[in-house]
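The values are calculated or read from the model by the stated rules, or taken from the named source; none is laboratory data. None of the values given here were measured: they were computed from a predicted structure. All Cβ positions, even for glycine, are placed from backbone atoms using ideal geometry, and neighbour counts span all protein chains on display. Areas reflect the complete protein model, heavy atoms only, side chains present, ligands, DNA and RNA absent. Shrake-Rupley method; radii C 1.70, N 1.55, O 1.52, S 1.80 Å.
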Amino acid sequence: MIDSQQATEALADVNDIVRRVRQSQIYHLASLIIIMWGALSFAGYLVTYLSPHYAGYAWIAVYIVGIAGSIAISAFQRSRSGVQTFRVRMLSAFVLFVAFGLFVCWLGHFTPRQLGTFWPIYFMLAYSIAGLWIGPAFVAIGLGVTALTLIGYFFIGDAFDLWMAFVNGGGLILGGLWMRRS
Amino acid sequence: MAELDDIIHQPLRLRIMAALNALPTSVGLEFSKLKKLTGATDGNLGAHIETLSKAGYVAVEKAFVGKKPQTTVTATAVGRGAFARHVATLQEIIAASGGGK
């Protein structure tokens, strides 16, 4: 028989492994969603750069496909791994989050360039905050993309949307791939 | 007080069972993922999975994904029960010493 100190250590080991398994499952699911949003953002910014006239339509399409895709990936992963990720509470939080962003944009009368900077930073803020609970990869992706977005806003001239296609879109894709390995 | 499970009690086997038990029933982990999560080496992990498999605590499934062999390990119902009892015993030991308060 073991003593209570050894039992405590064994249970701590169990809890540590359980935490790591859950984090790994969340990373796996999140990486798929992040890669998808990266590809969509890349396309959205590329259309904005090449055909600014169609930018509005492109971004509406990006958001519709992105939200539908996120729900579909979550549902698919749930059927495979049993991990429940999509909840009404989460959807409500997302809607409130976007509504607040729209309110800020309306209040601030942002220029297209400022809008293109605000939304990625706003979403990356949520990533970083979530990462404090979920895992450091989220914080790293959030802060990295935010820094590169700000560099683009202040230092990249007319090619800002092209910069954002690679920084925001490419950054999310690379971040998602990195997350799958971690 | 119930006895600790001798098979699960070994530290690496405890970690393997904890990882598999954290998943929903019938969902397993790939060998490489399990290796990463438990911090074990290939040989060590393989030997302990073999022990757990012989006890009927885990099921091992080997398949090919493309040309790559893939080994998936899943906790059986017997294994889940044994793990739950083992953890309960650990908690009893702590509680008996007043550590759980």
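Heavy-atom surface analysis with a 1.4 Å probe gives the stretch A:1-139 a carbon and sulfur content of 71 percent of its accessible area. Between A and B, roughly 1900 Å² of accessible area is buried in total, ligands, DNA and RNA not counted and the probe set to 1.4 Å. Solvent exposure of the stretch B:22-89, expressed per residue, is 54 Å² of accessible area, with all protein chains present and a 1.4 angstrom probe. In order along the stretch B:41-57, the Karplus-derived 3J(HN,Hα) couplings, from 6.51 cos²θ - 1.76 cosθ + 1.60 at θ = phi - 60°, round to 8, 3, x, 4, 5, x, 5, 6, 5, 4, 4, 5, 5, 4, 7, x, 7 Hz, and Gly and Pro are given as x.
Pull up the cross-link candidates among the aspartates and glutamates for B:Lys68, meaning alpha carbon to alpha carbon under 13 Å and not fewer than 8 places away within one chain. Excluding near neighbours in sequence, the set is B:Glu30.
Counts of other chain beta carbons within 10 angstrom of each beta carbon in peptide A:21-30 average 2. Across the stretch A:26-42, computed HN-Hα scalar couplings (Karplus, 6.51 cos²θ - 1.76 cosθ + 1.60, θ = phi - 60°) run 5, 4, 4, 5, 4, 4, 5, 5, 5, 4, 4, 5, x, 5, 5, 5, 4 Hz from first to last residue, x flagging Gly and Pro. Close amide H partners of B:Val58, meaning residues 5 or more places away or on another chain with modelled amide H under 5 Å apart, are B:Ser53, B:Thr76.
In terms of Cα to Cα distance under 14 Å, which aspartates and glutamates are near enough to B:Lys33, apart from those fewer than 8 places away along the same chain? Qualifying aspartates and glutamates at Cα under 14 Å: B:Asp42. With θ taken as phi - 60° and the Karplus curve 6.51 cos²θ - 1.76 cosθ + 1.60 applied, the whole-hertz 3J(HN,Hα) list for the stretch A:112-126 is x, 5, 5, 4, x, 8, 4, 4, x, 5, 4, 5, 5, 4, 5 Hz, x standing for glycine and proline. If you average the alpha carbon positions of the stretch A:154-182 and of the stretch A:12-55, how far apart do those two centres end up, in angstrom? Spelled out, the Cα-based centre of one part sits 12 Å from the other. Cα axis of helix A:171-181 to longest principal axis of chain A: angle in degrees, 0 to 90, nearest 10? On a 0 to 90 degree scale, this one is about 20. Across A:Val47, A:Val95, the residue with the most accessible area heads the list, and the full order at a 1.4 Å probe is A:Val95, A:Val47. Highest mean first, the peptides A:25-31, A:174-180, B:25-31 sorted by other C-beta atoms within 10 Å per residue fall in the order A:25-31, A:174-180, B:25-31. Would you please give the residues with an amide H less than 5 Å from that of B:Gln70, counting only those at least 5 places away or on a separate chain, with H modeled from the backbone geometry? Correct list: B:Ala63, B:Phe64, B:Val65.
Per-residue mean of foreign Cβ neighbours for B:83-95 is 3 (Cβ atoms of other chains, 10 Å radius). The candidates A:Asp16, B:Asp42, arranged from most to least accessible area with a 1.4 Å probe in the full protein assembly, appear as B:Asp42, A:Asp16.
Accessible-area loss of 50 Å² or more (1.4 Å probe, protein heavy atoms, chain alone versus all protein chains) is found in the stretch B:1-20 for B:Arg15.
Rounded to the nearest 0.05, the FRET efficiency derived from the C-beta distance between B:Asp42 and A:Ile2 at R0 = 35 Å is 0.75.
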